[in-house]
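Working notes, structure below.
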Amino acid sequence: MKVWTWVGSALALAAVGGVAGFGIAAHEQLSEITHAPPYQLQSAPVALEPATPSPIDDASLRHTLSTLAENPGLGVFHGHVTRAHDGAVVFDRASGEALQPASVTKVLTAAAALLTLLSGALLFALLGHPPLETLKVLLVDPLGDLYGVSELLVKALPILLCALGLAVVYNARIWNIGAEGQLLIGALAGSALAVNIIDWDSRWALVLTLLLGTLGGAAWAGLCAWLKTAFNANEILTSIMLNYIALNLLLFFVHGPLKDPAGFNFPESAMFGDASRLPLVSEDGRLHGGLYLALLALVAVWVLLHKSFLGFQIKVLGLDKRAAGFVGFRDKKLVWIALLISGGLAGLAGVAEVTGPIGQLVPQVSPGYGYAAITVAFLGRLNPIGIVFASLLMALLYLGGENAQMAANLPQSITQLFQGMVLFFLLACDVLILYRPRLKLWARKPQLVSAKEEPAT
């Protein structure tokens, strides 16, 4: 018992001594800390003396401002200068038009086209084909006669319609990648009506078929709008997934409910009635009345983007979403409108294909027109007039690919290869010319230097 008493006393004494030693050490450390002197107010700065006004030479002022007004690199210039003492107008002049970005984008587009041609020539040389002759087969021979020109327009019409719709949504920075699926749904919806009114001899048969196809494409794009506005889902992912759903729906209906019973078990629908077909523009080719629909859509989209307040709202939404909200533009409403317009034009392209050159619903409605329209929209710089020329170029690549496959024994994928090269060089020219990317692979990394511990002051 005495042993445990001594042990307990020793432990208590050690604990007390440790605490006391710690307190003494802490007191010594605190005594070394010197407090900063109290804050002292700085003396007020010397007041600035007002500058002595000097008279302005009117002649030199006019010369300087006139030089600025004549400089197109400044964009829109408007100078209005009056005298302070009498209010007399010294200078009042505005420049003509602003420097359009198209002046730069034209150069970039031309550079991308030239690089595509050079890369294509190099590729043909590596494959063992004469470059110039192969390029002639690809880009020149398809336009050798009037029939080739009409086939070029037939290929360009669905691409043009899809690209015009994409120009609307891309101006709003809504990245719709689902033009292909919207085209297929438009073709499916229009065909579902056309196969049930084969015997209907009325001019309204074509109108209703085109209208239903347009509404089908718009409804399919409306799914993307609903997912984006209600759940903030990324429209890129949703539109791509809806493309695959649309393709499988088309395959299901063409192999099932819409399959022609007298078609020898081929996956195709019955031929549409004459009342449900788009009329031919001329008897020398397959060019059909979809040409008039494309021209009407071209004018409508141009007016929408450049002459309407709705187009202005769409552009503002694309430039700055927060600014659009500050001025009272409803972003969800604009998202719905833009996507419905884009989907409707893609659906119109699809139903125009089945009621025009094809005449029935088949699995191969589109060889990738919706995806090609994405390249066309960017190649045309989201401008309806530029999209027209880009659509003709893309259609020429489709025709040239088929011609090169037969004449030069080139693979069918040469068309997709040239499409990819055009888009790649277009984006590369934009990045490397408009921006200055820098690689910091060999940049010297800053060294971390440990600071010496100094007493606090």
**OP:** Give me the distance between the Cα centres of segment 312-370 and segment 237-269, rounded to whole Å.
**Re:** 22 Å
Original post:
From the square roots a ≥ b ≥ c of the eigenvalues of the alpha-carbon gyration tensor of segment 131-431, which class results: rounded (a/c under 1.5), prolate (a/b over b/c), or oblate?
Top reply: oblate
Original post:
How would you order 417-427, 138-148 from highest to lowest mean count of nearby Cβ atoms within 10 Å?
Top reply: 417-427, 138-148
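Restricting to lysine pairs 8 or more places apart or on different chains, what number in segment 131-431 have Cα atoms under 18 Å apart?
Total qualifying Lys-Lys pairs in segment 131-431 comes to 8.
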**OP:** Using amide H atoms built 1.01 Å from N in the peptide plane, name the residues 5+ places from residue 288, or on other chains, whose amide H lies under 5 Å from its own.
**Re:** 281
Subject >> Residue order, fewest to most beta carbons within 10 Å, for 137, 365, 207, 169 >> reply: 207, 137, 365, 169
Original post:
Of the peptides 372-380, 352-360, 154-162, how do they stack up when ordered by the mean number of other Cβ atoms within 10 Å, highest first?
Top reply: 154-162, 372-380, 352-360
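Laboratory data are not the source of any read-out in this text; all were calculated from the coordinates shown. Keep in mind the model is a prediction, meaning the values are calculated, not measured. As a convention, Cβ positions derive from the backbone with ideal geometry for all residues, glycine included, and neighbour counts pool all protein chains shown.
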